[in-house]
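Trainee: Got a structure for you, questions after.
The values are calculated or read from the model by the stated rules, or taken from the named source; none is laboratory data. What you see is a predicted model; the values in this text were computed from it and never measured. Cβ atoms come from the backbone with ideal geometry, glycine included; neighbour counts cover every protein chain shown. Areas reflect the complete protein model, heavy atoms only, side chains present, ligands, DNA and RNA absent. Shrake-Rupley method; radii C 1.70, N 1.55, O 1.52, S 1.80 Å.
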Amino acid sequence: MIPFIINLETSKDRRDDMIKQMYSINYPYTFIKAVDGRQLTEIEYQEEISQTLDIPIEKLKPTYYLDRRNFISLSDRWEDIAPRVGCFLSHYKCLKIAHEQNLNEILILEDDVDILGHFDNIPKVDKDIIYLGATVRKLGKYPNKGYYDCKGLELFGTYAYLIKGKYNIDRIYKAFQSVYEEGTRRMKYNPNERMSMSNVDNFYRRYFHEDSIVMYPPLVSHRDDLKSTISNNKRYRKKYGMKCIGMLEPIEE
């Protein structure tokens, strides 16, 4: 398993930091060039992403995402939506590569994380998705197996997660593809229908948390000291009481 690290070309400092962290745990990795949503106003960039992801160019224009029938958002400002679109497409790109390479599992990391331990410590469990860390609002009872089940858990954060099995990689990739198909979007997962596109963490939470877990304590945490390239995370987290899972005190049995 070689982790995919999503990184914007303009974020050289984050790239350098991830190189140091991966070196410190002596683990191989590969960088995935992130999609910069802000550049989707430029026709040349639309053409590049269209060829890379096999998405029709008319569905890469800002007007497509400003239509709430195509991209769920509380904002109607492209400046707010663009980074979220870029993030969604970056994760889509990772899934596409994994699908084309027939990988049996894929570990996706964003470039604003702290790695707290070795990836050999990821639980050996038969789950669809294993989050190595997450942002959550509240927890239930203390997990005696070293992880929480995601089903019913108010969990956000796709900064570090492992998808297990070629079947799951392919079905999640197909779900990403489906958002660009025609037809009514669906809020519940159905492999033969169009899923609803939104922030990538909401996308996973909506469709793929039935058999997924998040590690406790986390193996990877989000670096809140870095300025977000997507949104004002600190303001959002304060408003909704969201915290890194490692900062919460579970209720013991």
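Trainee: Counting only heavy atoms of the protein chains, get the accessible area per residue of the chain (1.4 Å probe) and round it to a whole Å² value. Don't skip to the answer; put the middle values down first.
Mentor: Numbers: 12930 Å² over 253 residues.
Computed with neighbouring chains in place, this is 51 Å² per residue.
Trainee: Another question about this same structure. For helix 78-100, what angle does its Cα long axis make with the longest principal axis of the chain, in degrees from 0 to 90 and rounded to 10?
Mentor: 80
Trainee: Follow-up. Which net charge results for the neighbourhood of Pro83, defined as the other residues with beta-carbon distances under 11 angstrom from its beta-carbon, given Lys and Arg at +1 and Asp and Glu at -1?
Mentor: On the way: positive: Arg38, Arg84; negative: Asp36, Glu79, Asp80.
So the surrounding residues net to -1.
Trainee: Now a separate question. Could you grab the Rg to Rh ratio for the stretch 1-114? Cα atoms only, Kirkwood for Rh. Before the final figure, lay out each step's value.
Mentor: On the way: Rg = 15.3 Å, Rh = 15.2 Å.
Reported Rg/Rh (Cα atoms, Kirkwood Rh): 1.00.
Trainee: Rounded to the nearest 500, what is the chain's calculated 222 nm mean residue ellipticity when only DSSP H runs of at least 4 contribute -39500 (n - 2.57) each, over all residues? Can you show the working numbers first?
Mentor: Details: 7 runs with 81 residues, N = 253.
Calculated at 222 nm, the ellipticity per residue is -10000 deg cm²/dmol.
Trainee: On to the next question. What is the dipole size for the chain, taken about its Cα centre, with +1 at each Lys and Arg Cβ and -1 at each Asp and Glu Cβ, in debye to the nearest 20? It would help to have the intermediate numbers written out before the result.
Mentor: On the way: 39 positive and 38 negative charges, 160 e Å.
I would put it at about 780 debye.
Trainee: Roughly speaking, to the nearest percent, how much of the stretch 161-200's 1.4 Å accessible area is carbon and sulfur?
Mentor: That share works out to 46 percent.
Trainee: Ok, one more. Sorted by accessible area (1.4 Å probe), largest first, how do Met1, Met247 line up?
Mentor: Greatest to least solvent exposure: Met247, Met1.
Trainee: When the Kirkwood radius is taken over all Cα pairs of the stretch 104-189, what Stokes-Einstein diffusion coefficient follows at 10 °C and 1.306 mPa s, in µm²/s?
Mentor: Rounded, D is 106 µm²/s.
Trainee: For the chain, what log10 I(q)/I(0) values come out of the Debye formula at q = 0.13, 0.14, 0.17 1/Å, with one point per alpha carbon and no solvent?
Mentor: Debye intensities relative to I(0), on a log10 scale: -0.82, -0.97, -1.50.
Trainee: Still on this structure: So, by mean Cβ neighbours within 10 angstrom, what's the order for 28-35, 105-112, 168-175 with the highest one leading?
Mentor: Those peptides, ordered most packed to least, come out 105-112, 168-175, 28-35.
Trainee: Evaluate the Kirkwood expression for the hydrodynamic radius of the stretch 39-168, namely the inverse of the mean inverse distance over all pairs of different C-alpha atoms, and round to one decimal in Å.
Mentor: Computed over the stretch 39-168, the radius equals 17.2 Å.
Trainee: In addition: With axes computed from alpha carbons, what is the tilt in degrees of helix 166-178 against the longest principal axis of the chain, rounded to the nearest 10 within 0 to 90?
Mentor: 40
Trainee: Do any of Lys20/Lys145; Lys59/Lys138; Lys127/Lys174; Lys12/Lys174 go past 29 Å between their Cα atoms, and which?
Mentor: Distance filter (> 29 Å) returns Lys20/Lys145; Lys59/Lys138; Lys12/Lys174.
Trainee: Still on this structure: Please work out the Cα convex hull volume for the stretch 178-220 and give it in Å³ per residue.
Mentor: Residue-normalised Cα hull volume stands at 84 Å³.
Trainee: From a point 7 Å beyond the Cα of Leu53 in the direction of its Cβ, which residues of the stretch 168-196 have a backbone N at a distance under 15 Å?
Mentor: 173-181, 195-196
Trainee: Could you check the spin-label model distance between Lys61 and Ile25? Points 7 Å from the Cα along Cα→Cβ, value in nm.
Mentor: Between Lys61 and Ile25, the label points sit 4.3 nm apart.
Trainee: Still on this model: If each of Asp149 and Glu105 carries a label point 7 Å out from its Cα toward its Cβ, how far apart are those two points in nm?
Mentor: So the two model labels end up 2.1 nm from each other.
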